[in-house]
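Okay, structure first, notes after.
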Amino acid sequence: MDRLSRKFLRARKIPGTACSGCGLGQVHKRILLAIEGLGLGKDDLVWGTGIGCAGRQTFNTWLGDNFAGTHGRVYALAAGLRMALPRERRIVLTVGDGDAFGIGLKHLLNCARRNLDLTVIVADNLGFQSTGGQYGPTTPPGAVTDSSPYGLDEAGWLGPDLDILEILRAAGATFLARHLSLDGQGSVESVKAAILNPGFSLVHFIYPCVTHFGAVSLAERDKGRVLAWFREAFGDGPGEPGGGAGEGPGPRVGTGFLKFGRGVFHSAPGSRPDYSEQVKDWTRKMARGQGGGLATGNTP
Amino acid sequence: MAHDFEISLDFEACKGCGYCLEVCPGNVFDPGGVHNGKGYRPPVAARPGDCLGCQGCFMACPDFCLEVLRAPGKG
């Protein structure tokens, strides 16, 4: 264990269950660096996890309070917690792409609509990898996976003209960012800003899966080459997106779908009220016998 | 020779992904030849004197088993 994990994580859970070469730990590390940078401790933050690679790797690792949701439902649980806990108690959720943008998308959108003060970290390995490598809502078009043996022929949330972050912005999220799990201090700063934003925040991290996406979609088992493909495909390299995994059969994915900008995508702290604070205000008024309608601030 | 930085590697926690070798601009690491208890071969910090202290390997290590420390007496 390193200094960071000794400070914040349970020793018996580290190293985690992730495959060798899985980039989830890189995402995990950036969250901890952000927490450390903000001077927060184990009692300042409650950590929730979803289901899948991301949930399993981070489940119950935090030294403070943890909770786990069923698949795609951790946002609903967090919404209840948000209304029960004081604002000073931060809530961070680590979930996967299938959890957030697939089965749990409606819950996620409702949290964004209410601008609940939650920090959602989506660790995206471009498919359902913990169940064997089926395609998911962010799998690149054309990708060969266990469930798309002839290449994925449906549009995903990471298309050139269809971006899940645009949808979340339209739904009312007040902080959105996107990074590759290998990004440096800039990604830590994004997580810090997400935690500090008094509303709904989401940081989308794309990270390498060697075992399934690498082996099947990229036809590449060398971890260094899989990592190189991710770095090139997501903007580090000058090459054509979708290429560059090295020798061998080459990537079995389409082209023209990646090369996203990385960094802060949308930041509007304080532009919308946090519904949980309104509920708390209203409850206090009711308790004092000063009932009346719930002034939402959301109505024109 | 005294080094500015020391590489601390938790041999048993390492899963041998080799990302530290991939990202190191100073060619500090060599592939390892010895298996740990899990069957992985952690890399070796063969040339710590070449370490620039950039923390790239620390940021790339997904298993919380590697860190770059200031060498004693180097501030």
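Any idea which of A:A177, A:W62, A:G52 is furthest toward the positive side of the dipole for the range A:3-273, if Lys and Arg beta-carbons carry +1 and Asp and Glu beta-carbons -1? Sorting the options by dipole projection puts first A:W62.
Please report, in debye to the nearest 20, how large the charge dipole of the range B:5-70 is about its Cα centre when each Lys and Arg carries +1 at its beta carbon and each Asp and Glu carries -1 there.
Values: 5 positive and 8 negative charges, 19 e Å.
Using Cβ point charges on Lys, Arg, Asp and Glu, the range B:5-70 gives about 80 debye.
Shape class of the range A:75-222 from the Cα gyration tensor (axes a ≥ b ≥ c, square roots of the eigenvalues): prolate, since a/c reaches 1.5 or more and a/b is larger than b/c. Using the Cβ of A:V46 as centre and a radius below 13 Å, the other residues enclosed give a net charge of 0, where K and R count +1 and D and E count -1. Summing +1 for each Lys or Arg and -1 for each Asp or Glu among the other residues whose beta-carbon sits under 12 angstrom from that of A:V95 gives -1. For a 28 Å ceiling on Cα separation, which of these pairs sit above it: A:K29/B:K74; A:K7/A:K280; A:K13/A:K223; A:K42/A:K223? Too far apart for the 28 Å limit: A:K7/A:K280; A:K42/A:K223.
Farthest toward the positive end of the dipole of the protein assembly as shown, out of A:H204, A:G104, A:F128, is the Cα of A:G104, where the dipole comes from beta carbon charges about the Cα centre. Basic side chains Lys and Arg get +1 at the Cβ, acidic Asp and Glu get -1 at the Cβ, and with that the dipole of the range A:1-87 about its Cα centre reaches some 140 debye. Per-residue mean of foreign Cβ neighbours for B:52-65 is 6 (Cβ atoms of other chains, 10 Å radius). As a fraction of the 1.4 Å probe accessible area of the range B:5-70, surface on carbon and sulfur atoms comes out at 51 percent. Think of it as helices only: each DSSP H run of n ≥ 4 in the protein assembly as shown is worth -39500 (n - 2.57), and spread over all residues that comes to -7500 deg cm²/dmol at 222 nm. Charging the Cβ of each Asp and Glu at -1 and of each Lys and Arg at +1, and nothing else, the dipole of chain A about its Cα centre rounds to 1240 debye. Overall shape: oblate for the protein assembly as shown, with the ratio a/c of the largest to smallest alpha carbon gyration tensor axis at 1.5 or above and b/c at least equal to a/b.
Annotation: per residue accessible area for the range A:23-182 equals 33 Å², rounded to a whole number [probe 1.4 Å, protein chains only]. Charge tally around A:L165: other residues with Cβ under 12 Å, Lys/Arg +1 each, Asp/Glu -1 each, net 0. What shape does the range B:5-70 take by its C-alpha gyration tensor, where a ≥ b ≥ c are the square roots of the eigenvalues and a/c under 1.5 counts as rounded, a/b above b/c as prolate, and the rest as oblate? Prolate.
Excluding same-chain residues fewer than 8 positions from A:K106, which lysines have a Cα within less than 20 Å of its Cα? Within the straight-line cut-off, A:K106 pairs with nothing. For the chain pair B and A, the interface hides roughly 2000 square angstrom of accessible area in total, found with a 1.4 Å probe.
Selection among A:V191, A:S20, A:T145 by position relative to the dipole of chain A gives A:V191 as farthest towards the positive end (Cβ unit charges, Cα centre). Here's the list of aspartates and glutamates a cross-link from A:K285 could span, going by alpha-carbon distance under 13 Å and ignoring same-chain residues fewer than 8 apart: A:E277.
The values are calculated or read from the model by the stated rules, or taken from the named source; none is laboratory data. Note that this is a predicted model, so its numbers are computed, not measured. Methodologically, a virtual Cβ is constructed for each residue, glycine included, from the backbone with ideal geometry; neighbour enumeration extends over all protein chains shown. These area figures cover heavy atoms from the full protein model, side chains too; ligands, DNA and RNA do not enter into them. Shrake-Rupley method; radii C 1.70, N 1.55, O 1.52, S 1.80 Å.
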